[in-house]
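Enquirer: Could you have a look at this structure, given as C-alpha cells, before my questions?
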Amino acid sequence: MGLFDKIRGEFIDVIEWTDSSPNTLVYRFERHNNEIKNGAELTVREGQAAVFIDEGQLADVFGPGMYTLETENLPILSTLRGWKHGFESPFKAEVYFVNMRQFTDQKWGTKNPVTMRDPEFGPVRVRAFGSYAVRVSDPGVFLKEIVGTDGHFTTEEVTDQIRNVLVARFSDAMASSGIPVLDMAANYDELGSKLADRVRNDMDGYGMELRTLLVENISLPPAVEEALDKRTSMGVIGDLDTYTKFQTAEAIGDMANNPGGGAAGAGMGAGMGFAMGNQMAQAMTPGAQTSQGTGATPPPIPQAPKYFAAIDGQQAGPFDAAALKAQIEGGTVTRETLVWTEGMAEWTAAGQVDAIATMFGATPPPLPGQ
C-alpha cells in the first residue's frame, strides 16, 4: 500500500448503516481515529435519521436521503467549528444512526396488583397487561435524554422505563374512567385511549411517540374470581327450589332405568318419589307448609303490659292487669295515682291511661234535682 492509499484509508468518505437486527434503536458509526473529509457521501435510508455530535454537542440531524457533506448542509457544525468560508481539511465527528421505524408488540403489565375502588365491589385489586408500539419522534431529544454515549442502544434498554410509566399512569386512568370491573372487558379500547393520553407527555420528554396501546386483559385476584364464578352459577340455576326438584326427578329417572339397582335401589327410588310428591303437593297447595317446610313462622304471642304505680311516694309493682284491678278495688290505686309501663314517655295519672281507665268502672251521674 502506497503512502497516499494509506492516507486515503484514514479518511471517511462514505457514511451509511444497514440494520439487520430487530431491536436496535441507535447505532454509532465510527472508525477509530478516522476523519470525515469534505465531500463525503452520507446515505440515510427510510426509517432512519443521522445525528452528528461534535465534541459532545448535538449538531446537525439528517432525514432520509443522500447527502454530500459540505458547509451548506452542515450549518450547525459549521457554526460550532467556525467555518465561515467552508472547510477543506477533514474533521472528526461522531455520527449516530437512529432507527425511526415503529417497534411493535412491546409488552407491558403490572408486576403487583393495583388497588382501585369499584362502584359495585368496593376496594378491589386488579392486574392488567397488554402491548404497545413505539417509535423515536425526536432523534436529538432521544439521544440527549435516553441514549447518552451508548454506541449500540436496543429496545430492551428503554422498555422497562416505558412499562414503569404505563403502570404508574394505569391506576389513574382506571380511577378516572368510572367503569365497573365487570364492564371493563367491553371497554378495553376506551381504557387504552385514556392511558395513552396520560403517558403522552412522558413520552414526549424522551423524544419518543406511543403509536398504539392495547389493554389485552384486566383480571381480579383468584379468590374474587372464584366468588364471581359461584355467583354466576347461582344466576344460571335461578330458582334453587325448582332446580332441586328437577335434580330429584332426574335421579329417579336414572334409578328407574338401572335394572341392576335391586330392591335397595327400588326402595330408595320409592322413598325419593314419596318425598318429591309431598314436596310438590306442598308447593301446589297454598298454606299447606308445615313447620318443617319453607312457610313463614308465626310471630310470638304479644305479652300483656305490666304497670308500676306510685303508692305512698314509693314505686310499687309491676302489676299485671289482674293485680292492678285488685289494687283499684282495694282503693290503693285511684284515678290520680301515677302509673308507668314500658313504652310510656313519663309517669301519667291512671285515669288518663285508656287501658287502666276502664278498670275504674263508670261513675253514676248526680241525682235529679240535686
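Every number in this text was worked out from the coordinates using simple rules, so none of it is lab data. Just so it is clear, the model here is predicted, and its values are computed rather than measured. Quick reminder, even Gly has a Cβ in these numbers, built from the backbone with ideal geometry, and neighbours come from all protein chains shown.
Enquirer: Quick one: what do you get for segment 307-360 if you divide its Cα Rg by 2.2 N^0.38 Å?
Expert: 0.97
Enquirer: Note down the nm distance, to one decimal, between modelled labels 7 Å out along Cα→Cβ at E226 and at F360.
Expert: Each label point lies 7 Å from its Cα, and together they span 7.1 nm.
Enquirer: Based on the Cβ-Cβ distance of I252 and T115, what FRET efficiency does E = 1/(1 + (r/R0)^6) give at R0 = 51 Å, to the nearest 0.05?
Expert: The value I calculate is 0.50.
Enquirer: For a Förster distance of 51 Å, can you work out the FRET efficiency between the beta-carbons of E46 and E216, rounded to the nearest 0.05? The partial results should precede the final answer.
Expert: Details: r = 31 Å, r/R0 = 0.60.
In this case the efficiency is close to 0.95.
Enquirer: Same structure, new question: Between S20 and D172, what FRET efficiency follows from the Cβ-Cβ distance if R0 is 35 Å, with the result rounded to 0.05?
Expert: Calculated transfer efficiency: 0.30.
Enquirer: Still on this structure, I have one more. I need Y188, Y132, Y27 ordered by Cβ neighbour count within 10 Å, fewest first.
Expert: Values: Y188 16, Y132 24, Y27 20.
If I rank by nearby Cβ atoms, fewest first, I get Y188, Y27, Y132.
Enquirer: So how far apart, in nm, are the two label points at A345 and S137 if each is 7 Å from Cα heading toward Cβ?
Expert: Taking the simple label geometry, A345 and S137 are separated by 7.2 nm.
Enquirer: Okay, moving on. Using every alpha carbon pair in segment 103-224, what percent of pairs falls into each 5 Å bin from 0 up to the bin containing the largest distance?
Expert: Distribution as computed: 2, 11, 22, 22, 16, 11, 8, 5, 3, 1, 0 percent.
Enquirer: Quick one: K144, K107, fewest Cβ neighbours within 10 Å first, how do they rank?
Expert: On the way: K144 14, K107 11.
Fewest-to-most Cβ neighbours within 10 Å comes out as K107, K144.
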